[in-house]
Amino acid sequence: MHGVQRPLSPFWIYRWQITMWLSSLHRITGGLLSAGAIVLGIWLIAAASGADSYASVQRVLAAPWFKVPLVGWAFCFFFHLANGVRHLAWDTGAGFERARINATGWTVVVVTLIATAAFSWFAIL
C-alpha cells in the first residue's frame, strides 16, 4: 500500500454536479449582492445629501453602461432568492432524494433566468 499514489484533491475524484455549481454560485452571488448593497447605500446617502450629490451619483448610475451591473445584480438577487427557498425546504428535511435535488437545482436555474430576463426587460432595459 505504500506505493499507491492517491489524488490529493477531490477534483480528481469527483465530477462536478449541479449541487456543487449551485453552492459555489450561491456564495459568489452573496458577495456580489454585498457589493450591490454598498452601491445602494451610496445612492441613498446621495439622495439624502441634497440635489447636487444626488445628481452626480445619478449621472453614473443612470449611464447606459451601468445597465450591465444592474442586470448582473438582478441575476444575483433572483438566484440567491430561489436557491435560498430551496435551502429553506431542505431545512425541513424534505427533498434530499437524488432526483429531487437535481430537479430543484435545475428549477432554480430556470426560475433565475426567467425572472432575470423578465425583470431586466420591464424594469432595467
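Report summary: the helix-based calculation at 222 nm, which adds -39500 (n - 2.57) for every DSSP H run with n ≥ 4 and divides by the residues of the chain, gives -25000 deg cm²/dmol. Looking at region 48-101, the chymotrypsin sites (Phe, Trp or Tyr not before Pro) that sit in a DSSP loop and have at most 11 other Cβ atoms within 10 Å of their own Cβ are Phe96. For the chain, with all protein chains in place and a probe radius of 1.4 Å, 71% of the accessible heavy-atom surface sits on carbon or sulfur. With the simple model of a label 7 Å out from the Cα in the direction of the Cβ, Ala48 to Ala89 spans 3.9 nm.
The three principal axes of the C-alpha atoms in region 24-118 carry coordinate ranges of 56, 24, 20 Å, sorted with the longest axis first. Solvent-accessible surface (1.4 Å probe) assigned to Asp52 amounts to roughly 130 Å². For the chain, the per residue solvent-accessible surface stands at 73 Å², with DNA, RNA and ligands left out and a 1.4 Å probe.
Along the charge dipole of the chain, pointing to its positive end and built from +1/-1 on Cβ of Lys, Arg, Asp and Glu, which listed residue (Phe79, Ala123, Ser53) has its Cα farthest out? The listed residue farthest towards the positive side: Phe79. Per residue, the average separation of C-alpha pairs within less than 8 Å and at least 6 apart gives the chain a relative contact order of 31 percent. Modelled spin labels at Arg98 and Leu33, positioned 7 Å past Cα toward Cβ, are 3.1 nm from each other.
The values are calculated or read from the model by the stated rules, or taken from the named source; none is laboratory data. Worth saying up front: this structure is predicted, and the values here are computed from it rather than measured. Every residue, glycine as well, gets a Cβ built from its backbone with ideal geometry; the counts of neighbours run over all protein chains shown. Side chains included, ligands, DNA and RNA excluded: accessible areas come from the protein's heavy atoms. Shrake-Rupley method; radii C 1.70, N 1.55, O 1.52, S 1.80 Å.
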